[in-house]
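Have a look at the structure below, then the notes.
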Amino acid sequence: MSTINRILNNKRMSEIETNQWLKWICSSQNIDELVENYDRWANTYETDIEEFWKPVPLAASLMLAQYVANKQDTILDVGAGTGLVGVALAELGFEQIIGMDISPSMLTKAAEKGIYKSLVCCFIGDEQFRNLEKASGIVATGVFAENHAGSAELNQLQDNIKSGGVLVFTARQSFLPKLEKVLNQPEWTLLDSKVMPIYDDPINLLAYKIC
C-alpha cells in the first residue's frame, strides 16, 4: 500500500519509515491538495513529528528572542500549524503572538493552546495576510519547502515586518538555493544561522534583519 493510502486509512505516520511523512506532504500536487492533506493530518500531527521535529520550534523561538527583546512586541507565527512555535514563544514570555496557516484544522488545534492573540487562516501574500498587523518578528518553520512556499512568498514577508524587524525561518539545505535571490537583497542582513541535522537533508535555521 502506498504511503498516502496508509495515511488516508488513518494509520499513524510513526508506522512509516523515517522521513516518509515529509516526502508525502511535500508531494502535494497543488495548494488545494496541500490544505486537504494538512487538514487530514491535524489530529495526529504533533505525535507523528515529535521524534525529530521537536527541537525546531524551541530553537527558532530562542533565536528570535536573541534579537527581539521586548516581549510585548507583535510576533507573527507564519505556518503556525498546531501551535508548537506559539507555545515556545509564550514560554519565553512573548504575549502578542499572531498565528496564520493555510489549514483550518491545524488552526483549530492551535486555538486549543490558548496562547495566540489571534489566528488567521490565509495564504502568504493574500489580502488577509497583507492586512495583518505588522510584526517586529516573524517565525516561519516548515514553511519554505517543496510544494509549500518559495522565494515569492519569502519576499512577500517583507511587507508584514517592521523596518529593522527580524525574520527567523527554516529551509532544508537543498532548498536554500531557491531562496538566494531574496536573501541576497541589500535590505536583508544575516544575523544568525544554525544547522540542525534532523534529516539526511539538514534543516537550516536562519535569522535575518530586514530594513
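The values are calculated or read from the model by the stated rules, or taken from the named source; none is laboratory data. Every value quoted in this text rests on a predicted model; they were computed, and no experiment measured them. Glycine also receives a Cβ, built like all others from the backbone with ideal geometry; neighbour counts cover every protein chain displayed. What goes into the accessible areas is simple: the full protein's heavy atoms, side chains included, and nothing from ligands, DNA or RNA. Shrake-Rupley method; radii C 1.70, N 1.55, O 1.52, S 1.80 Å.
Tabulated data
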read-out: Most to least packed among 30-43, 56-69 [average Cβ atoms within 10 Å]; value: 56-69, 30-43
read-out: Dimensionless Rg/Rh of the range 100-211 - Kirkwood Rh, Rg from C-alpha atoms; value: 0.96
read-out: C-alpha long axis of helix 31-41 to longest principal axis of the chain, angle in °; value: 70
read-out: Neighbourhood net charge (15 Å Cβ-Cβ; Lys/Arg +1, Asp/Glu -1) for Leu132; value: -4
read-out: Cα-centre dipole for the chain with unit charges at Cβ (Lys and Arg positive, Asp and Glu negative), debye to 20; value: 280
read-out: Option label - semi-axes √(5λ) of the Cα gyration tensor in Å computed here, alternatives [x] 52, 24, 13; [y] 26, 19, 16; [z] 40, 23, 14; value: [y]
read-out: Label-to-label distance, nm, for residues given as Asn147 and Lys54 (7 Å Cα→Cβ offset); value: 2.8
read-out: Solvent-accessible area, 1.4 Å probe, carbon plus sulfur percent, for the chain; value: 46
read-out: Solvent-accessible area per residue for the chain (1.4 angstrom probe, square angstrom); value: 47
read-out: Helix-derived mean residue ellipticity, 222 nm - over the chain, DSSP H n ≥ 4, -39500 (n - 2.57), to 500; value: -9000 deg cm²/dmol
read-out: Loop GluC sites (Glu not before Pro), the range 87-157, which have at most 16 other Cβ atoms in a 10 Å radius of their Cβ (DSSP); value: Glu95, Glu112, Glu133, Glu146
read-out: For Ile102, solvent-accessible area (1.4 Å; no DNA, RNA or ligand), Å²; value: 30
